[in-house]
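Each remark here refers to the structure printed beneath this line.
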Amino acid sequence: MIPVPCATMDRTPHLLATITANGFGHAVQTGAVLHALRRRLPGLRLTIQTAIPAARIAEIAPQPYDLLRVDHDFGVVIRSATELDLPATREAYGRLARDWEILAEAQAATIRGRAVDLVLANVSFLAIEGAARAGVPAAALACLTWSDILRGLFPQGDPALAALCRMEAAYGRVAAFLQPEPSMPTAAPVEAVRTGPISTRGQDRRDALRRQLGMAPGERLVLVALGGMGDAPPVAQWLENPGLRWLVPAGTPEGPRVHALPGLDLGWADAVASADAFVGKPGYGSITSAAVNGAPFLFMRRGDWPEEPPLIAWALDRIQALEVPPGQLWSGAIAGALDALWARPARPRVEPTGADEIAEALAALLD
């Protein structure tokens, strides 16, 4: 059990969960924790605060909940799953620094007005700041902090760092800083409590898939997915790999050997568990899915994302993994890289204990 301070109450507890709208990885993490927490506290009142579309939140969060929209919890401005917009990020954090007091007081007013008992931030510094001003404890679910990301993206003295000291001070006010493996080290003044990874173990359905797709003996299934923002290499044009079949997310153009997951009635975790290899970028969700489901992982490095080095180091230590240059991946000339990946020793599957460990800590705070 994770040691955290406890509070006592004689009514149904109310949790405000804030989710940064930087892609959908933070939502998936938080959703897994909220499901585990609801199993422990069925009567929990839940409010979710985010800019992520309501339909996506409905896919990951346990009903019932209230939904609040905010625009200040954006993380970093991104053009796509693999491209950052640094000028827009600089401008956005400049506005945030100028409006800090207004935003922090508005957040505190929301927490007071809704009689929130605990704030869970993944990983909004303004939500934690507002909780402190409202006299309510906050916990961070944090494989990274936005202050650490900004430090890695911008040089000292850059206007994007105008609110950096206040951001780090806010993170330092949490009652619990819950850091699922693998995570980025933080410069914030906190003592992190490490937990296992947050992910979902799927069902290996490759035998049924092979029959459904009419695959020949020796053909292999390879999942290709670069993240939740809809980016995808031109897999339908990868015609020089006759021994491979490609599994792709919704929205990716299909072809004779390219099969979209929705058309196969195949969920994400089952797809990873059923694939002979997973091709993607080294984001938290991709790496942990590969580790938990035993999928060999061929990845391309983004190069400009500060969280990437610790994630890659963890992947190379815990997963059957291999790096491929971005140009080689986008061209589709990866048959040789896949053979090299499959030649590497298989690794034991990692146990996805993080959601339950973090839910246990939050239940103690809400007790």
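The values are calculated or read from the model by the stated rules, or taken from the named source; none is laboratory data. Remember, it's a predicted structure, so these values are computed and weren't measured experimentally. Here Cβ is always computed from backbone atoms with ideal geometry, including for glycine, and neighbour counts include all displayed protein chains.
Tally the residues that are assigned to a strand (DSSP E or B) and either over 14 Å from Leu221 (Cβ atoms) or hydrophobic (A, V, I, L, M, F, W, C) (or both), restricting the search to segment 237-284.
The total comes to 11.
Kindly check whether there is at least one residue in segment 246-266 that is among the small types (Gly, Ala, Ser) and touching a residue at least 40 places away in the same chain (Cβ under 8 Å).
No: segment 246-266 contains no residue that is among the small types (Gly, Ala, Ser) and touching a residue at least 40 places away in the same chain (Cβ under 8 Å).
Filter segment 291-340 down to residues that are surrounded by 19 or more Cβ atoms within 10 Å (Cβ to Cβ), touching a Gly at 6+ places or on another chain (Cβ under 8 Å) and assigned to a helix (DSSP H, G or I), then give me how many there are.
Number of matching residues: 2.
Would you mind finding the one in Val123, Val116 that is within 19 Å of Leu362 (Cα to Cα) and out of contact with any Cys (no Cβ under 9 Å at 6 or more places or on another chain)?
Answer to the selection: Val116.
How many residues does segment 341-367 contain that are in a loop (DSSP other than H, G, I, E, B), at pLDDT 95 or above and either of a type outside the set (Gly, Ala, Ser) or under 22 Å from Phe177 (Cβ atoms) (or both)?
So the answer is 9.
Looking at Gly43, Gly75, Gly23, which is the one that is modelled with pLDDT under 95 and part of a loop (DSSP other than H, G, I, E, B)?
Gly23
Residues in segment 299-318 that are touching a Pro at 6+ places or on another chain (Cβ under 7 Å) and of a type in the set (A, V, I, L, M, F, W, C): how many?
6
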